[in-house]
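Written below as structure tokens is the structure these notes are about.
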Amino acid sequence: MTIRTEPRRSAPTTPARSAPDALVVEPGTLTSGRARTGPLRREGPAKLTGEAKYADDLVFPGAWYGATIRSAEPRARLIGLELDDGFDWSRVVVVTAADIPGVNIVSLISDDQPVLVPVGGEIRHHAEPLALVAAPDREVLRAARRAIVARTERLEPVFDPEASDHVFAHYEVATGDLDAGFATADLVVEGTYRVGHQEQLYIENNAIIAVPREDGGVTVTGSLQCPYYIHKALKRTLRLSDTQAHVVQAETGGGFGGKEEYPSIVALHAALLARACGKPVRMVYDRHEDLSATTKRHPAVVRHRTGVRRDGTLVAQDIEVVMDGGAYCTLTPVVLSRGALHAGGPYRCPNVRIRARATRTNTPPNGAFRGFGAPQVEFAAETQLNRVAEALAISPLEIRRRNVYRIGDATPTGQVLRESVAGEEVLLRAAEAAEFERERERTARARAHASAGGPDGPGGPGGPGGGGGASGRRVATGVGLALGWHGAGFTGSGEVHLASVASIELTGQGAIRILTGSTEMGQGTKTIFPQLVAAELGVTDEAVDIAPQDTAIVPDSGPTVASRTAMVVGGLLVKAARRLRATVEERNPGRSFAEAYADDAAVHGTTRIDQQFEPYPGVEFDDATYRGDAYPAFGWAACTARVEVDLDTGEVAVTDVVAADDIGRVIHPVLAEGQVEGGTLQAVGYATIEEIKLADGRYLNDRLATYIIPTALDAPVITAILVEAPFSGAPHGAKGVGELPMDVGAPAVVAAIHDAMGVWIHELPATPERILTALGVTGTGTVA
Amino acid sequence: MTAFRFLVNGDPVEVAVPGMRRLLDVLREDLGLTGTKEGCGEGECGACSVILDGEVVDACLVPVCQVDGGYVRTVEGLARRQAGERAADAELDELQAAFLRTGGAQCGICTPGMLMAARAYLDAGGGPDEGAIREAIAGNLCRCTGYTKIVEAIALAAGGDR
């Protein structure tokens, strides 16, 4: 049930033309009997030649340029907007809250966020939109922006999420008897863990162009993950009908959650300006604006109290999670929910209490980012467990083997894990590939040698963790391990409420066309959907087209989020394809779909299959009590990291990572590996260098020169191992892959730093400052 | 306004624009070559990398006056193309083909710049050594791939048995 993929040894292929050739994966690397081959990325040639059109590449003749006037304070009353009399306002259009024809709200859950702060209203965060301006050229636009001044009256801001009395959401998940559990513990370990903001840092900034329609509506084209979220927002704020609000996805240069909700704001702003000036309006953020104004990963404080028996068996977990929602609700309750449900880690424990709350602060709103609440809590859970293992002198691998969920175990919500449970499998695969125990022995010997005061003593060339660095650098090396889980698809009854639809059409002209709202932003949607459908229909991948993500053409397949595209929407397509095949073969007895479909189309005209989501059998969740099946299935991930810590500067180089991820049935090994490798590096960045610094509620490092992400030189050598524990609820057995690797990288790196240096870092990122500080203090854990 | 003359992918061009206009804007807006992307506008991300007289440069940092008489290569010039043929229908060069085969392009926004940095590396005789490849693309940020398959693609194009 394990797929081990190695770098392929092969010469360059014959260059592909518009229909890419099939990709051949070396035989013998897959055991599932499926997916030995996968098609080349469908839109790959367009992306590789510069032909692919991203939002800012699109030309709209006569388009004006739009800009957003933003607040410069974290909290204030907006007294008024002053327009400089010296500026010729006839050359531009200005839009304020008073010009909004419909509801001045942009929301997914709670109606608290205005599209523009009205005069008299409260500014709740720095960089909050107050007004909009559009001009025929950039110079006039710049001048107009300078000529608008917001008059405000400052109010007292709140920055500490633990001190805030405005709670967006709170949950309590409990099982067993906590006091009784702690009473049976041989050891109790406590710890507090903190994580800060993280920026998605898609390389393409937010960009949307709005074009007025003749029917009084608007067409918006841009960089986005969820066309139907924007569709809903436009209808509400501009008072438009379903057809007047029209959303088209351009090629999208990365999302990672950052283009789940925020593009609704960009689209509303562009659309309001287009309505005001009667021309197309380009709303294209530069990096500075994108960094300073758009959503980030939620900062969090997580407190653990863990009771454990001498043999490492967990008996009690008391966990408190506090997330900083920022100034508006956005998706915070759902992020927090996922955080609460994953907070204990993938471990059996009879007595658990998880209390989670998210509060409001006067900082820009936080939102969706790959992992969606899980990376924060799993960093805490895994670091806590590593500290428990250390206190018991049990290896990090062994304590996980003893506690990891197996089939039949129940989670704190009472969910019995009936199938597709591969925590132990991924753990062993990663540990084996990284030779984890042998590496640990090696670093332990080096530490012992160093503390014995040899020539490589502490501060000597070998350092505490051993291994002298090249070119005279004094480094210590260490290895670390982490294990994680990630609920596949929406939380609780989310998928039932979404009621997503995916469709396949056999057109009267004999074309096979997929219709979904699922967007391509690099993950491979446009490649795996035709692949899945072609396999069911018995036709070539090239015979299956995929319709553009355009709300006038495709149904609402739900948002492209929560690692749900391959599992949920892919599953709908497989079912739709089976129905289409049965329909055509029934009408053409004795002939296969592949033989018959062209003739069938000529005789019967268009046949369209709409497939709506049906609840997975036996999966039930009670949103009111938080009991039941929180997710239809879980993905499982293990990660080992090897680090070199510079003894003089405290800088961490992550040199090697092994990531073993169970994603259910693998549809396309190359694309799946790409998800694991990319997610792993984002986790390494989260662990080591990515940090937002704030002053008076403003992001200080809001440029790419100061918000640093890993380069090719910073990136470790990443070995991705795909494990297959199929999920029977999905017709093709697939679970999600996108978010899973993001959950485990950071705790693995922090464990490796501990192995090298002997100190626990309780706060991400593990910067040189924090490491050097930790070297001077003792840990905060208490041993009962 | 002065007229500036230079070669883009072998074709002579002449643009009459202010000399301090960014090469990036000249390529994207004046010449319609939108394959070159803007990610930060301050030389940090490399999405706008082009080859100017054999050297990789960030087109967002180069004023067009510095390009006068020079030779600019962009992503649109990589594939072997017949007259009038769309770039996507052209025959990919071995570097583009290697990216396609290994999965080196995901969202694709860093890809044009990454390809130009890699092209310059290969043209300068760079081989399949992983460390050298990582060094060559260190100025080009990618947020999707973890760089693994990009490095693999460049090594493959360099004739490496990686």
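Residues being outside any loop (DSSP other than H, G, I, E, B) and surrounded by fewer than 24 Cβ atoms within 10 Å (Cβ to Cβ) are represented in region A:201-215 by at least one member.
Return a yes/no flag: does region A:727-745 have any residue that is within 30 Å of A:A577 (Cα to Cα), surrounded by 24 or more Cβ atoms within 10 Å (Cβ to Cβ), more than 21 Å from the chain's Cα centre (by Cα) and away from every other protein chain (no Cβ under 12 Å). Among the residues of region A:727-745, at least one is within 30 Å of A:A577 (Cα to Cα), surrounded by 24 or more Cβ atoms within 10 Å (Cβ to Cβ), more than 21 Å from the chain's Cα centre (by Cα) and away from every other protein chain (no Cβ under 12 Å), which makes the answer yes. What do you reckon, is A:G492 within 26 Å of the chain's Cα centre (by Cα), at pLDDT below 95 and on the phi > 0 side of the Ramachandran plot? Taking the combined requirement at face value, the residue satisfies it.
Pairing residues of region B:133-156 that are within 7 Å of chain A (Cβ to nearest Cβ) with residues that are of a type in the set (S, T, Y), at Cβ distances under 7 Å and at least 6 apart in sequence or on separate chains, gives B:A138/A:T711; B:L141/A:T711; B:R143/A:Y202; B:G146/A:T680; B:K149/B:T102; B:E152/B:T102; B:L156/B:T102. Here A:V195, A:V211, A:V247 are screened, and the one residue that is out of contact with any Cys (no Cβ under 7 Å at 6 or more places or on another chain) and either within 14 Å of another protein chain (Cβ to nearest Cβ) or under 30 Å from A:E378 (Cα atoms) (or both) is A:V195. Every listed requirement among (1) in contact with a Lys or Arg (Cβ under 9 Å, 6 or more places away or on another chain); (2) free of Cβ contacts under 8 Å to residues at least 60 places away in the same chain; (3) crowded, with 24+ Cβ neighbours inside 10 Å is met by B:E130 save one, (3). Against the numbered list (1) within 14 Å of chain A (Cβ to nearest Cβ); (2) at pLDDT 95 or above, B:A87 comes up short only at (2). Can you name every residue in region A:429-477 that is of a type in the set (G, A, S), outside any helix (DSSP H, G or I) and modelled with pLDDT of 95 or more? Result: A:A434, A:A476. All conditions in (1) assigned to a strand (DSSP E or B); (2) in contact with a helix residue (DSSP H, G or I) (Cβ under 6 Å, 6 or more places away or on another chain); (3) not β-branched (V, I, T) hold for A:A131, with the sole exception of (2). Put simply, of B:G43, B:G19 the only residue that is within 22 Å of A:V284 (Cβ to Cβ) and either acidic (D, E) or more than 7 Å from chain A (Cβ to nearest Cβ) (or both) is B:G43. If you check B:L100 against the conditions, is it outside any loop (DSSP other than H, G, I, E, B), in contact with a Lys or Arg (Cβ under 8 Å, 6 or more places away or on another chain) and either among the acidic types (D, E) or facing chain A (nearest Cβ under 7 Å) (or both)? When the stated conditions are applied, B:L100 passes them. Of all residues in region A:524-553, those that are in contact with a Lys or Arg (Cβ under 9 Å, 6 or more places away or on another chain) and assigned to a loop (DSSP other than H, G, I, E, B) total 3. Would you check if A:F87 is in a loop (DSSP other than H, G, I, E, B), touching a residue at least 40 places away in the same chain (Cβ under 8 Å), within 14 Å of another protein chain (Cβ to nearest Cβ) and under 20 Å from A:A276 (Cα atoms)? No; evaluated as a whole, the condition is false for this residue. If you filter region A:644-677 down to residues that are out of contact with any helix residue (DSSP H, G or I) (no Cβ under 8 Å at 6 or more places or on another chain), more than 19 Å from A:A766 (Cβ to Cβ) and within 14 Å of another protein chain (Cβ to nearest Cβ), you find that the one that is surrounded by the most Cβ atoms within 10 Å (Cβ to Cβ) is A:A672. From the list A:E162, A:E172, A:E156, exactly one residue is among the acidic types (D, E), assigned to a strand (DSSP E or B) and modelled with pLDDT of 95 or more. Which is it? Step by step, each of A:E162, A:E172, A:E156 is checked, and only A:E172 is among the acidic types (D, E), assigned to a strand (DSSP E or B) and modelled with pLDDT of 95 or more.
Annotation: A:R627 fulfils all but one of (1) under 19 Å from the mean Cα position of the chain (by Cα); (2) away from chain B (no Cβ under 14 Å); (3) surrounded by fewer than 22 Cβ atoms within 10 Å (Cβ to Cβ); the unmet one is (1). Taking region A:311-412 and the helices (runs of 4 or more DSSP H) fully enclosed by it, the elements with 1 or more residues that are closer than 30 Å to A:L224 by Cβ and within 23 Å of the chain's Cα centre (by Cα) are at A:332-342, A:374-392.
When you scan region A:243-263, do you find a residue that is in a loop (DSSP other than H, G, I, E, B) and more than 17 Å from A:E520 (Cα to Cα), even just one? Yes, some residue in region A:243-263 is in a loop (DSSP other than H, G, I, E, B) and more than 17 Å from A:E520 (Cα to Cα).
Counting just the residues of region B:103-132 that are within 7 Å of another protein chain (Cβ to nearest Cβ) and among the small types (G, A, S), which one comes out farthest from the chain's Cα centre (by Cα)? Top of the filtered list is B:G103. Checked against the criteria, B:I109 does not count as under 22 Å from B:A158 (Cβ atoms) and not in a helix (DSSP H, G or I). Within region A:730-758, residues that are under 10 Å from A:A683 (Cα atoms) and part of a loop (DSSP other than H, G, I, E, B) have Cβ atoms under 9 Å from residues that are β-branched (V, I, T) and at pLDDT 95 or above in these pairs: A:V744/A:T680, counting only partners at least 6 apart in sequence or on another chain.
Looking at B:R81, B:R73, just one residue is more than 9 Å from every other protein chain (Cβ to nearest Cβ) and among the charged types (D, E, K, R), and that residue is B:R73. Scanning region A:553-604 for residues that are free of Cβ contacts under 8 Å to residues at least 40 places away in the same chain and among the aliphatic types (A, V, I, L, M) yields A:I553, A:A582, A:A596, A:V603.
Please find, within region A:678-705, the residue that is surrounded by the fewest Cβ atoms within 10 Å (Cβ to Cβ) out of those that are within 9 Å of chain B (Cβ to nearest Cβ) and part of a loop (DSSP other than H, G, I, E, B). Ranking the qualifying residues of region A:678-705, first place goes to A:A705.
Of the residues B:D53, B:D93, B:D68, which is surrounded by fewer than 24 Cβ atoms within 10 Å (Cβ to Cβ) and at the interface with chain A (Cβ under 9 Å from one of its Cβ atoms)? It is B:D93.
Applying the criterion of being buried (at least 24 other Cβ atoms within 10 Å of the Cβ) and among the charged types (D, E, K, R) to the residues of region A:250-265, the residue that is farthest from the other protein chains (Cβ to nearest Cβ) is A:E261.
The values are calculated or read from the model by the stated rules, or taken from the named source; none is laboratory data. Given the structure is predicted, the values throughout are model-derived calculations rather than measurements. Positions of Cβ are backbone-derived with ideal geometry, glycine not excepted, and every protein chain shown enters the neighbour counts.
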